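Please treat every number below as a calculation from the coordinates, not as lab data. Predicted model, so just to flag it, every value in this text is computed and none were measured. Cβ: placed from backbone, ideal geometry, glycine included. Neighbour counts: every protein chain shown.
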Amino acid sequence: MSSLRAALNVLKDELIEFHKPLSEKYEIPSVMKEYDGKNPILFKNSKEHNTPIIAGICGKREFFKRFLSCQSDEELYVKINAAVNNPLKTDKQDDAPVKEVFEKPDLTKFPILTHYERDAGPYITSAVVISRSLTKGFQNASIHRLLVIGKDRLAIRVVPRHLYALYNEAKKLRKPLPVAIAIGLHPLILLAASSGPRFGVDELTVANALLNGALKVTSCENIGVYVPAEAEVVFEGYMLHDVEVDEGPFVDITGTYDVIRKQPVIELINVMRRKDFIYQALLPAGSEHQLLMGLPKEARIWDHVSKVVSKVVKVRLTPGGCGWLHAAISIAKQSEGDGKNAILAAFAAHPSLKHVVVVDEDIDVDNIEEVEWAIATRFQGEEDLVIVKGCRGSSLDPSADQERLLTSKVGFDATKPLNKPAEKFKRALIPCKYDAKSGDVVYYVSDEG
Ligand code: MN
């Protein structure tokens, strides 16, 4: 099963149902923020619509492990990388669940949320935009924020990646680019859409590999694009080649307002949907946003670093680093210099990465205090710091040169130097433990002997 509903069923024990109608402007997002990274929430309705709204189903690493039947991080990374490298062709299905209702586009009928105080307006934030190259015929699927600017019009933010290339191709031909906007999807389809396979690979085939071949697609007859058959809603339309509008401000993954830019416009021509569709919402800068963008990058970093050091223990794009700009990596260091090679491999794996800390395997990178302790006790700026100036960085970092997308990258090698005795760096232990329940003090054998 490759539907949003199948995924909801997997998470049914954690699901919180919200019956009190709240406004789509700010109020529902405030509840999403409260449960961010904890529970999926189903809003039965809103003040403005009778449509159920789901949020939070991509909010925990644990959820993805369950969707992919993985026990460990390593298994998760291997599965994601395998799907990116070995996509699986999708089968077609004509009588698709998303084809229950066809209607004229009217965005006022959909519960599209306004999230933050100064956001330009209601934004669709969970949509996979599927397009087709006008000259080469292949499909591309990616996640983009979409600002409502009319009943049948959206402004789309397109960073210079794959859809941008297809759009430029269309502009040169002076033709509009067909796009389908799919909302209400299985989290693994969203993950695949942000997994970054090479240009020319349809991300839906990556999703199909993640879903073990269960993803069926159905055609949007008006525009010749194939979309997930079990989507809740699909908008069909065109990205206009000759119009651009102001897009933004909008809070992106950093939790700061992204700048206003001239961006393309999508004109909708048709809607297909399930009769009782569920709208999928996603809180910008929340944990769903960070995990969907970050998990495929963690998998890539794990893969790249594993090629230069013998064992990578854990990779985390840390929450304080927006789940995007900072990595903390623990390795089993064998040779002097392993830490620095790990830093270089991590930067190569994830071009938006800005700062990376490499630590030994006794440091848990999920505990940022331990990481800081490693920097405090194992790191010397003069020897262990790597600075690379003038690199291509993230467009989202307000401290970077956002025009030219240039940034400085800094690596911290906080692994123990091998030329000093290892015991100098060990956290000291008390050889017994107080058990508050029994009031007893229990001795244990420390590995010091
Ligand atoms: Mn692509």
In the range 193-231, anything more than 16 Å from the ligand (Cβ to nearest atom) and basic (K, R) is listed as K216
E336 is checked against (1) surrounded by fewer than 24 Cβ atoms within 10 Å (Cβ to Cβ); (2) part of a strand (DSSP E or B) and fails just one. What number does that condition carry?
(2)
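In the range 33-47, is there at least one residue being acidic (D, E), assigned to a helix (DSSP H, G or I) and over 18 Å from the mean Cα position of the chain (by Cα)?
Here is the first cut: in the range 33-47, the ones acidic (D, E) are 34, 36.
Those still in the list that are assigned to a helix (DSSP H, G or I) too: 34.
Now narrow it down to the ones that are over 18 Å from the mean Cα position of the chain (by Cα): 34.
The answer is yes; a qualifying residue exists.
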Looking across the range 110-154 at residues that are outside any strand (DSSP E or B), of a type in the set (F, W, Y) and more than 15 Å from the ligand (Cβ to nearest atom), the single one that is surrounded by the most Cβ atoms within 10 Å (Cβ to Cβ) is F110
Contact list please: Cβ distance under 6 Å, first residue in the range 192-207 and closer than 19 Å to S219 by Cα, second residue among the aliphatic types (A, V, I, L, M) and within 9 Å of the ligand (Cβ to nearest atom), pairs at least six apart or on different chains.
A193/A141; E203/A141; E203/A193; L204/A141
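Any residue at all in the range 169-192 that is charged (D, E, K, R) and within 13 Å of the ligand (Cβ to nearest atom)?
Our first condition is that a residue be charged (D, E, K, R); within the range 169-192, this holds for 169, 171-172, 174-175.
Going one step further and asking which of them are within 13 Å of the ligand (Cβ to nearest atom), we end up with none.
No: zero hits.
Inside the range 275-302, can you point out the residues that are more than 23 Å from S142 (Cα to Cα) and either among the basic types (K, R) or not in a loop (DSSP other than H, G, I, E, B) (or both)? Talk me through it step by step, then tell me what you get.
At the first step, the residues of the range 275-302 found to be more than 23 Å from S142 (Cα to Cα) are 275-276.
Residue satisfying the conditions is K275 alone.
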Tell me the residue from V358, V305, V309, V388 that is in a helix (DSSP H, G or I) and touching a helix residue (DSSP H, G or I) at 6+ places or on another chain (Cβ under 9 Å), please.
V305
Which pairs do you get when a residue that is at negative phi, found in the range 148-160, comes within reach of a residue that is of a type in the set (S, T, Y) and assigned to a loop (DSSP other than H, G, I, E, B), reach meaning Cβ atoms under 9 angstrom, with the pair 6+ apart or on two chains?
V159/S395; P160/S395
If only one of Y226, Y238 is of a type in the set (S, T, Y), surrounded by fewer than 22 Cβ atoms within 10 Å (Cβ to Cβ) and touching a Lys or Arg at 6+ places or on another chain (Cβ under 8 Å), which one is it?
Y226
